[in-house]
Structures are given as structure tokens and as C-alpha cells.
Ligand code: ATP
């Protein structure tokens, strides 16, 4: 079958998308934004780094989180109003240790904090995605976010990729990476979504139980099948 492939750009409501017109006149919108998530030490950053070396524009939501409530931001004001002036350190910034002590152990308090911080991170992520795609509309953008599903950011992404390892492997790798107690890692695992809860939301599940070479091979085949991506 002869396929006529005409590429042209259209404006989608939230971003610039690349559309491929097939002979049957069916429109297929290219996958441009991947939401990459997974549990503690599952291998999200490792995967994001690889995708980055192949040309993806990677946004690390964790890093955005560190900027989310800097002095003079709206979120800063909300944090201070909600948790009190006591969370402001000598440098005028929110003292993370102080804030942590207010939030620790209180489920409602944590929910109050995430209600402030997650929308702020989402806004920054969206701004960065828009800017990355306006520079190069056909690039693949990866949003690496441990809380992608908890925060409900799946709708930002065209596809959700979930990296999974068994808890025992996560504990082993986190211990090796961070030098922490197994019980501390287990506590984090218990407080996070389960692999099953994440994979229920996944378009692609990346099993990272084996070695790094296997992870690279899995990712490579997913990457190669993305329209517009090349190695
Ligand atoms: P976190 O959310 O806790 O920051 P993460 O999901 O981003 O973690 P990584 O930091 O990518 O996970 O990986 C955790 C550790 O496991 C790292 O030290 C990484 O080098 C190592 N690692 C990742 N994948 C593999 C693998 N397939 N085999 C061996 N080690 C691996």
C-alpha cells in the first residue's frame, strides 16, 4: 500500500503538535510528551538520562519542586499563610527542615502542602514544556515525576511510562545509592502507590529488574518506535 505522508504542523490547544496525514485521511497526532514515573529507586532518573542522551528534552519535576516556593512566589505566600512565619528561615526562604517538622506525621498537613506545591510545579512544568516545544515542535519531551499519578499530571502527557522493580530490588538499590536503612526505604515504599496502582495508569511499563544493559535495550526499542525519534 502506498502511503502518502504529509507532515504539517497544527496548533493544539495546549501545545504545538505534529500531525501525520495518512492515505486513508486518518489523522494521527504524534506522541510528544512522555510522563515518566515509578517508585523509589525504580530507575526513573536512569531512564530519563538515557532518553535525554537520545535527544529527548527532559524536565525533572523534583528540581522544579525546589523552585516551587522560593521567596516572592505565590506558593511561598501560601506556605507561610498555611504553616506560619516560623517556617521562614534567616535567609527569608522557607526552611525545609522547619516545614518538614510541621508536615511530618500529619496526613492533612501533607495534603495541605501538596495542594500548594503540586499546582505550582505543574504550572512550571507546563511553561517549560511549552517553551521546549516552541523551540523545537517535533522534539520528544519527558516529564520525570515521582508523583505524576498522585498529583494527577497524566493529562499533561501523551503517554505515561512507568518504571517498575520489585520492592526488594528497590531497597537494595536505594541502600547502595543513599546508604540508608532498609526499613527507611520500606517506609517510603509503603507510603507510595504500589507498582500495580501505577501500572494500571501506564501506557508503557518498563521492567527494570535486570541490569542496566537490559534497561537500555527496553528503552531503546520504545524510543525507536516513537514517531519522529531516532537514535
Ligand atoms: P528516586 O525516585 O528514589 O530518586 P529513581 O527512580 O530516579 O529513584 P534511579 O536513581 O534512576 O532511580 O536508580 C536508583 C539506583 O539504582 C541508582 O543508583 C541507579 O544507578 C541504580 N540502577 C538503576 N537501574 C539499574 C539497573 N538496571 N541495574 C542496577 N542498578 C540500577
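Read-outs throughout are calculated quantities, based only on the coordinates presented, and are distinct from any laboratory measurement. Not measured: the values here are computed from a predicted model. As a convention, Cβ positions derive from the backbone with ideal geometry for all residues, glycine included, and neighbour counts pool all protein chains shown.
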Place the peptides 125-133, 92-100 in order of packing, highest mean first, counting for every residue the other Cβ atoms within 10 Å and averaging per peptide.
125-133, 92-100
Of all beta bridges DSSP finds with both residues in region 2-224, what is the antiparallel percent, to the nearest 5?
35
Ordering of 198-207, 55-64 by burial proxy (mean other Cβ atoms within 10 Å per residue, highest first)
55-64, 198-207
Quick check on region 68-180: take the gyration tensor over C-alpha atoms, sort the square-rooted eigenvalues as a ≥ b ≥ c, and tell me if it's rounded (a/c under 1.5), prolate or oblate.
oblate
Pull out a ≥ b ≥ c, the square roots of the eigenvalues of the alpha-carbon gyration tensor of region 2-224, then state rounded if a/c is under 1.5, prolate if not and a/b is larger than b/c, and oblate in the remaining case.
oblate
